[in-house]
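Q: Sharing a structure, written as structure tokens. Questions coming.
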Amino acid sequence: MRDAALALFLDRGFEQTMVTDIAERSGVTARTFFRHFADKREVLFSGAAELLEVSLAALEAAPATLSELDAVAVALDAAAGLLGGDRDFARKRQTVIMANDELRERELIKLASMSDALAGGLRRRGVGDPEAKLVAEAGIAVYRVAYEEWINATEDGDLREVIRESMARLRSLTAAGT
């Protein structure tokens, strides 16, 4: 259903695609579609809860000796492991999202929720509130830049590696300012 929906979104546009169209293309009923997804947006965002869960579990399992930024890097690495397996899907998904204001807003809400969750995880590790928020937001910024770089790359690459490289750039930029 996911692939059928994505193909229709790209061909017709998100707003012009109906759940019945997706179901028909998938060879299922609309009722079956709704057993898997609450609405057609969920085809694009259904993994958000799992992404949050995996990221937080990695953050919580990270050694206590890691810096705040290194702990967030561990969480982002776990997220990349979940997302980085299908760049073709990621590219198509991003194309659909960027073509629709409602979907862009939903994507930003997803990232804001992830930042809030990471900040909460950092606070549970004993990090103060302003620092936890700052590091979590920096981590999400690294993720966004790396994700965009990864989906737009012309050669094969690993999302985890692109995130690591982006994190290294951030560290280099902040070290240069001290």
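The values are calculated or read from the model by the stated rules, or taken from the named source; none is laboratory data. Computed from a prediction, not measured in an experiment: that's the story for all the values here. Every residue, glycine among them, receives a Cβ derived from its backbone with ideal geometry; neighbour counts consider all protein chains shown.
Q: Filter the stretch 121-131 for residues that are part of a helix (DSSP H, G or I) and without any contact (Cβ under 8 Å) to a residue 24 or more places away in the chain; which is nearest to the chain's Cα centre (by Cα)?
A: Result: Arg123.
Q: Does any residue of the stretch 104-113 turn out to be at negative phi and surrounded by 20 or more Cβ atoms within 10 Å (Cβ to Cβ)?
A: Checked the stretch 104-113: no residue is at negative phi and surrounded by 20 or more Cβ atoms within 10 Å (Cβ to Cβ).
Q: Does the stretch 18-37 contain at least one residue that is among the acidic types (Asp, Glu), in a helix (DSSP H, G or I) and modelled with pLDDT of 95 or more?
A: Checking the stretch 18-37: at least one residue is among the acidic types (Asp, Glu), in a helix (DSSP H, G or I) and modelled with pLDDT of 95 or more.
Q: Ala49 - would you say it is assigned to a loop (DSSP other than H, G, I, E, B), out of contact with any His (no Cβ under 6 Å at 6 or more places or on another chain), loosely packed, with under 14 Cβ neighbours inside 10 Å and at pLDDT below 95?
A: No; evaluated as a whole, the condition is false for this residue.
Q: Same structure again: So which of Leu69, Leu103, Leu134 is farther than 27 Å from Gly13 by Cα and touching a residue at least 40 places away in the same chain (Cβ under 8 Å)?
A: Checking each option against the conditions leaves just Leu69.
Q: Output the residues belonging to the stretch 75-92 that are crowded, with 17+ Cβ neighbours inside 10 Å and either under 20 Å from Leu56 (Cα atoms) or outside the structural domain of Arg124 (by TED's automatic domain parsing) (or both).
A: Of everything in the stretch 75-92, those that are crowded, with 17+ Cβ neighbours inside 10 Å and either under 20 Å from Leu56 (Cα atoms) or outside the structural domain of Arg124 (by TED's automatic domain parsing) (or both) turn out to be Ala75, Leu76, Asp77, Ala78, Ala79, Ala80, Leu83, Gly84.
Q: Right, here's the next one. Taking Glu161, is it more than 25 Å from Val43 (Cα to Cα), in contact with a Ser or Thr (Cβ under 8 Å, 6 or more places away or on another chain) and surrounded by 13 or more Cβ atoms within 10 Å (Cβ to Cβ)?
A: no
Q: Any residue at all in the stretch 160-177 that is touching a Lys or Arg at 6+ places or on another chain (Cβ under 8 Å) and of a type outside the set (Val, Ile, Thr)?
A: Looking for residues that are touching a Lys or Arg at 6+ places or on another chain (Cβ under 8 Å) and of a type outside the set (Val, Ile, Thr), one finds none in the stretch 160-177, hence no.
Q: Next question, about the same structure. Would you mind finding the one in Leu66, Leu76 that is at pLDDT 95 or above and not in a helix (DSSP H, G or I)?
A: Exactly one residue qualifies, and that residue is Leu66.
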